[in-house]
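The values are calculated or read from the model by the stated rules, or taken from the named source; none is laboratory data. The model shown is predicted, which means the values in this text are computed figures rather than measured ones. Don't worry about glycine lacking a Cβ; one is built from the backbone with ideal geometry, like all the others, and counts go over all protein chains shown.
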Amino acid sequence: MRSSSDRRGWELALGLLFEVDVGDSELQDAADNMEDLRTAPAETANTALQLAARVMGSRSRIDRLIKSHLENYNLSRLPAVERSILRLAVSELTRPPGPPSRATVRLAADLAGEYGGADSARFVAGVLKGVIAEGGRRRED
């Protein structure tokens, strides 16, 4: 089970990744300009920065993996929030040892439901379950 500070770290990382994606910003610029990150507890801010940096460091690999599980969708045409959530979750699912798969999918789907469209949670969960089934970790809670 993830703590509320883990969730907040994911939310902040999502904000950073979203800004990098739609604002065409560098990660450091996005971090410098994010008020919520500056006022977050140090541990939460560090978690967010680490999560976002991990995604950015492996973005092309992560994007290839996501693309291989999109049916009738193009990654660049997905809403930016869904794209950012998928990148964040795939990064977590493919890093050893990483958090349990079920917890990662649940958190990603929760964020998609909160910040995305009506079907975002189901869509994100479906893509992530495909990633897991094809060789992502199967470690459960």
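Quick rundown of the values:
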| quantity | calculated |
| --- | --- |
| Single residue of segment 38-59 satisfying the filter (within 24 Å of residue 93 (Cα to Cα) and over 15 Å from the mean Cα position of the chain (by Cα)) that is surrounded by the most Cβ atoms within 10 Å (Cβ to Cβ) | 44 |
| Selection from segment 122-138 of residues that are under 13 Å from the mean Cα position of the chain (by Cα) and surrounded by 21 or more Cβ atoms within 10 Å (Cβ to Cβ) | 124, 127, 128 |
| Residue within segment 90-107 that is under 14 Å from residue 12 (Cα atoms), out of contact with any Gly (no Cβ under 8 Å at 6 or more places or on another chain) and either without any contact (Cβ under 8 Å) to a residue 60 or more places away in the chain or of a type in the set (Val, Ile, Thr) (or both) present | no |
| Matching helices (runs of 4 or more DSSP H) fully within segment 38-116 where at least 3 residues are more than 21 Å from residue 20 (Cα to Cα) and at pLDDT below 95 | 101-115 |
| Matching residues in segment 60-114 - criterion: being surrounded by fewer than 19 Cβ atoms within 10 Å (Cβ to Cβ) and of a type in the set (D, E, K, R) | 61, 63, 64, 67, 71, 77, 95, 102, 106, 110, 114 |
| Complete set of residues in segment 117-141 that are of a type in the set (Asp, Glu) and either touching a Leu at 6+ places or on another chain (Cβ under 6 Å) or at pLDDT 90 or above (or both) | 119 |
| Among residues of segment 41-56, those that are in contact with a Ser or Thr (Cβ under 9 Å, 6 or more places away or on another chain) and over 20 Å from residue 99 (Cα atoms), counted | 1 |
| Residue 59 vs. criteria among the charged types (D, E, K, R), touching a Ser or Thr at 6+ places or on another chain (Cβ under 7 Å) and closer than 21 Å to residue 25 by Cβ | no |
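Residues are listed down the side, and each one gets a yes or a no for (1) in contact with a Lys or Arg (Cβ under 7 Å, 6 or more places away or on another chain); (2) at positive phi; (3) not polar (S, T, N, Q):
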| residue | (1), (2), (3) |
| --- | --- |
| 39 | no, no, no |
| 46 | no, no, no |
| 50 | no, no, no |
| 69 | no, no, yes |
| 77 | no, no, yes |
| 101 | yes, no, no |
| 110 | no, no, yes |
| 125 | no, no, yes |
| 135 | no, yes, yes |
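Conditions tested, residue by residue: (1) of a type outside the set (A, V, I, L, M); (2) farther than 22 Å from residue 133 by Cα; (3) out of contact with any Phe, Trp or Tyr (no Cβ under 9 Å at 6 or more places or on another chain).
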site	(1), (2), (3)
9	yes, yes, yes
25	yes, yes, yes
32	yes, yes, yes
45	no, yes, yes
49	no, yes, yes
52	no, yes, yes
64	yes, no, yes
73	yes, no, no
76	yes, yes, yes
